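Accompanying notes for the structure given below.
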Amino acid sequence: MKKKILTGDRPTGKLHIGHYIGSLKNRVALQNTGNYDTFIMIADQQALTDNARDPEKIRRSLVEVALDYLAVGIDPAKSTIFVQSQIPALTELTSYYLNLVTVSRLERNPTVKTEIQQKHFEHSIPAGFFIYPVSQAADITAFKAQLVPVGDDQEPMIEQTREIVRSFNSIYGKKILVEPQGVFPPKGQGRLPGLDGNAKMSKSLGNAIYLSDNADTLKKKVMSMYTDPNHIHVEDPGKVEGNTVFTYLDIFDPDQQKVANLKEQYRAGGLGDVKIKRYLNDVLEAQLRPIRVRRERFAEDIPTVYAILKEGSKRANEVARQTLREVRAAIGVNYFS
Ligand code: TRP
């Protein structure tokens, strides 16, 4: 039997090139090996845990994320793309797993901790948000996923899932659930800095390049990027470390020999920011154009996009329901069967 993969994203906006480098690219590569049964979930229920008052945003973003998936090459013929809220078994699994997790364990999850600060939730954490790592364990285990390709920030969720799997299997005496492993981006590519040099590209910081940005927007954004603030005249020697343009070239340019030469020139002085940004723009445009073109094509036929999600959700439902049946039987709440 093929190994199973499960992963997903919260639909709170369009996906950007940080998502692409951090996870999407990995998923497409894994999908295309043909060695895995891949499930990709749009986590709308998880998105609602901190957006309960703005459901319209989630609804809108659902189709944007689906378009981003299709655009980067996630192929519904090879991967099952589905919608979390359409799989009721996930919620039921969550309720059983919640009994295996303590509040203090949830409080220790470093990603949730950071998010609580960022969202100013210190004194008003929505309970659903607080427990979302447990629902994530349900997402992963429902599909008996061995591999979970995600960004580095999701590592604590995988760890918490592994703990839940171990306690479930040890308490209920059966090897029902499968312990997953995270698949993380190559070292140094886990986190793409924002256009402004901020450590993280993110929608809320307004420093992102979206997969859906057109050529003009891409160019404007690249030309506005943070470089070396002390590199004022073309002849000045410039700094490459912490210079976002070079960080992007390290990650995106297939011609690393050329990048090494440009760095040398920049350090010595004589290579201007405008020139190097124009070059980066060419590199990014070459990679983003095919994605954009595919996205536009799918965007012309939204009913087909929804049909793909519906079909995927149907298949995902069958798989998750089977796991739920096994879980219920293991716990012994299958009185009538
Ligand atoms: N938490 C993930 C994110 O922020 C989304 C997600 C929900 C997920 N359930 C998952 C990722 C299960 C991997 C596995 O994008």
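FYI, it's all coordinate maths here, none of it is from the lab. For clarity, every value in this text was computed on a predicted model and none was experimentally measured. Heads up, the Cβs are rebuilt from the backbone with ideal geometry, glycines too, and the neighbour counts pull from every protein chain shown.
Among 116-124, 19-27, what's the highest-first ranking by average C-beta atoms within 10 angstrom per residue?
Those peptides, ordered most packed to least, come out 19-27, 116-124.
Rounded to the nearest 0.05, what FRET efficiency is calculated for Thr102 and Thr217 with R0 set to 45 Å and r the Cβ-Cβ distance?
Between Thr102 and Thr217 the formula returns 0.45.
Taking Cα centroids, how far is the range 129-154 from the range 1-36 in Å?
Centre-to-centre distance over Cα atoms comes out at 13 Å.
Quick one: of Lys144/Lys314; Lys119/Lys203; Lys4/Lys187; Lys113/Lys200; Lys2/Lys187; Lys78/Lys144, which pairs are farther than 21 Å apart, Cα to Cα?
Pairs exceeding the cut-off: Lys4/Lys187; Lys2/Lys187.
Comparing Ala299, Ala316, Ala268, which has the greatest mean-square fluctuation in the GNM of the chain with Cα pairs linked when under 10 Å apart?
In this elastic network of the chain, the residue with the biggest mean-square fluctuation among Ala299, Ala316, Ala268 is Ala268.
When the chain is fully extended, how far beyond the present Cα-Cα distance does Thr91 get from Arg325, taking 0.36 nm per residue of separation?
Gain in length upon complete extension: 82.9 nm.
Considering only DSSP beta bridges with both partners in the chain, what is the antiparallel share in %, to the nearest 5?
Just about 5 percent of them are antiparallel.
Need one number: nm distance between label points at Asn230 and Lys113, each 7 Å from Cα along Cα→Cβ, rounded to one decimal.
Output for this residue pair reads 3.5 nm.
Grab the other residues whose beta carbon is less than 11 angstrom from that of Pro11, score K and R as +1, D and E as -1, and report the net.
+1
Taking H placed 1.01 Å from N in the peptide plane, check which residues at least 5 places from Phe39 or on another chain put their amide H under 5 Å from its amide H.
Result for Phe39 returns Ile5, Leu6, Thr7, Thr80.
Which one, Gly194, Gly238, Gly182, has the greatest fluctuation when you compute a Gaussian network model over the chain with C-alpha springs under 10 angstrom?
Greatest mean-square fluctuation among the candidates belongs to Gly238.
Need one number for the range 215-296: average projected area of the convex hull over its C-alpha atoms, nm².
5.2 nm²
If each of Glu159 and Lys3 carries a label point 7 Å out from its Cα toward its Cβ, how far apart are those two points in nm?
Using points 7 Å along Cα→Cβ, the separation is 2.2 nm.
Could you pull out every one of the lysines with an alpha carbon less than 19 Å from that of Lys239, ignoring same-chain neighbours closer than 8 positions?
Within reach: Lys258, Lys263, Lys275, Lys277.
For the chain, which semi-axes, largest first and in whole Å, follow from the square roots of 5 times the eigenvalues of its Cα gyration tensor?
Equivalent-ellipsoid dimensions as semi-axes: 40, 22, 18 Å.
For Asp152, what is the net charge nearby, where nearby means another residue's Cβ is under 13 Å from its Cβ and Lys, Arg count +1, Asp, Glu -1?
0
Please compute the length gained on full extension between Glu264 and Arg315, using 0.36 nm multiplied by the number of residues separating them and subtracting their Cα-Cα distance.
13.0 nm
Could you work out the local net charge near Gln84, counting Lys and Arg as +1, Asp and Glu as -1, over the other residues with Cβ closer than 12 Å to its Cβ?
That works out to -2.
If you plug each phi of the range 153-158 into the Karplus form 6.51 cos²θ - 1.76 cosθ + 1.60 with θ = phi - 60°, what whole-Hz ³J(HN,Hα) values come out, in order, with x for Gly and Pro?
Running phi through 6.51 cos²θ - 1.76 cosθ + 1.60 with θ = phi - 60° gives 5, 8, 4, x, 5, 5 Hz.
For a quick check, take a GNM of the chain with Cα springs below 10 Å and name the residue from Thr91, Thr102, Thr247 with the largest mean-square fluctuation.
Result for the chain, Cα springs under 10 Å: Thr102 fluctuates most.
Using only Cα atoms, tell me the angle between helix 132-142 and the longest principal axis of the chain; keep it within 0 to 90° and round to the nearest 10.
With rounding to tens, the tilt is 70 degrees.
Work out how far the C-alpha atoms of the range 152-270 reach from end to end along every principal axis, then list the three figures in whole Å, largest first.
The Cα atoms of the range 152-270 stretch 71, 28, 24 Å along the principal axes, largest first.
Mind listing the long-range amide H neighbours of Val183? Cut-off is under 5 Å, sequence gap 5 or more, other chains count too, H placed in the peptide plane at 1.01 Å from N.
Placed amide hydrogens put Val148, Val150 under 5 Å from Val183.
Looking at the range 260-337, which GluC sites (Glu not before Pro) are DSSP coil and have at most 10 other C-beta atoms within 10 Å of their C-beta?
Answer in residue order: Glu300.
With a point put 7 Å past each Cα toward its Cβ, work out how far Lys239 is from Asn35 in nm, to one decimal.
4.2 nm
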